[in-house]
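A short write-up of the structure that comes next.
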Amino acid sequence: MPLQNRVTPTGDIIATPHHGLFTGNRGIIHDPATKTLLRKRWSSTAWLTCTCEFRGRRREVMAQRSWTELFFLDEATALAAGHRPCFYCRRDDANRFRAAWEKGNRVHDVRMHDIDTVLHHERLDHGRKRLHALLVPLEQLPAGAMVQQGEESFLVTQGRALQWSPAGYGAVERQLGEVALLTPPSTLRTLNAGYQPVLHPTASG
């Protein structure tokens with residue numbers, strides 16, 4: 001049985017046999033004896049997105065009393081859920097993200113802790129995923145932004161929407177109509193300022 005460790009664009013953590021392009025964490029939220037999640041879904045405001053391979057190190061998933069290994073289809077999914085690049089294993093990406101975050105949000109000399117504080121407010125509403133109003137037409141959103149309609153999540157890329165699933169993205173055969181923004185507003189401004197997240201290969205199909 002697959003472990004419950006795959007993050008959806010809404011920030012929920014599900015069990016699925018499909019693999020993702022990134023790992024990451026929100027602190028310690030599992031019991032290593034049973035490899036199951038605790039009731040809490042975060043223990044740190046630093047929600048990170050990490051590379052799955054770093055300096056040849058390998059970890060047995062959920063086997064230690066340290067950070068809980070979570071997995072993401074791609075970086076757009078992680079950003080929508082409220083995560084940001086790790087400054088340890090993805091330093092170059094984290095620096096690019098911070099520079100674009102500063103430009104998009106019109107601030108200077110920001111620390112990652114400051115970004116985490118803003119993101120934590122934007123991603124949660126009384127413990128649940130915070131949805132945001134979409135202030136521009138969907139086709140004007142930057143590549144990598146994600147939106148929600150009902151129970152379905154959609155990636156925006158090249159001016160079109162693709163439906164998210166644990167296995168990848170698929171075509172949308174209908175007009176979406178009214179949707180809500182999943183990607184935190186400060187991250188959306190970061191995308192508008194030039195940060196380009198890594199997308200799953202099915203996003204270009």
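The values are calculated or read from the model by the stated rules, or taken from the named source; none is laboratory data. Nothing here was measured: the structure is a model prediction, and the numbers come from that model. Positions of Cβ are generated from backbone atoms using ideal geometry, with glycine treated the same way; all protein chains shown enter the neighbour counts. Accessible surface areas use protein heavy atoms only, side chains included; no ligands, DNA or RNA. Shrake-Rupley method; radii C 1.70, N 1.55, O 1.52, S 1.80 Å.
Where helices (runs of 4 or more DSSP H) sit wholly within region 49-142, those with at least 3 residues that are open to solvent by 60 Å² or more (accessible area, probe 1.4 Å) occupy 91-105, 112-123. Looking across region 183-205 at every residue that is more than 24 Å from P17 (Cα to Cα) and among the aliphatic types (A, V, I, L, M), the one that is surrounded by the most Cβ atoms within 10 Å (Cβ to Cβ) is identified as L188. Of the set (1) over 14 Å from the mean Cα position of the chain (by Cα); (2) under 19 Å from L134 (Cα atoms); (3) not aliphatic (A, V, I, L, M), all apply to G170 but (2). Taking region 1-38 as the range and being open to solvent by less than 20 Å² (accessible area, probe 1.4 Å) and among the basic types (K, R) as the test, the residues that pass are R6, R26.
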